1. Going residue by residue through the range 57-78, is there one that turns out to be in contact with a Gly (Cβ under 8 Å, 6 or more places away or on another chain), assigned to a loop (DSSP other than H, G, I, E, B) and surrounded by 13 or more Cβ atoms within 10 Å (Cβ to Cβ)?
2. Among the residues of the range 35-56, which ones are under 13 Å from the mean Cα position of the chain (by Cα) and assigned to a helix (DSSP H, G or I)?
Amino acid sequence: MARRKQTLFQKRRERREKRERDKSIVFRKKFCRLCQEKVDFIDYKDLRRLEKFITERGKIIPRRISGNCARHQRRVTFAIKRARHAGLLPYTTK
């Protein structure tokens, strides 16, 4: 007996089921560490805190990766730029 061809509906259902199986990876919700610590002012001289928000190449880590809220991301960015201008943080690495 010959095998019946799959209909378009069956193919779509199989693809959907495969996608749902692949979604078994669970991501944690990112949260703003600065809000949690109730930080009001981000000092540009606080290098230990600012270094957490830059890569080893000197780039500022984006908000979607760091988990900062918009308000604190703007303040962190401003503090990093001030620290770079003052010569406390590098613009890039060699």
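1. no
2. The answer is Lys52, Phe53.
Laboratory data are not the source of any read-out in this text; all were calculated from the coordinates shown. Keep in mind it's a predicted model, so treat the numbers as computed, not measured. Counting neighbours? That spans all protein chains shown, and the Cβs are built from the backbone with ideal geometry, glycine included.
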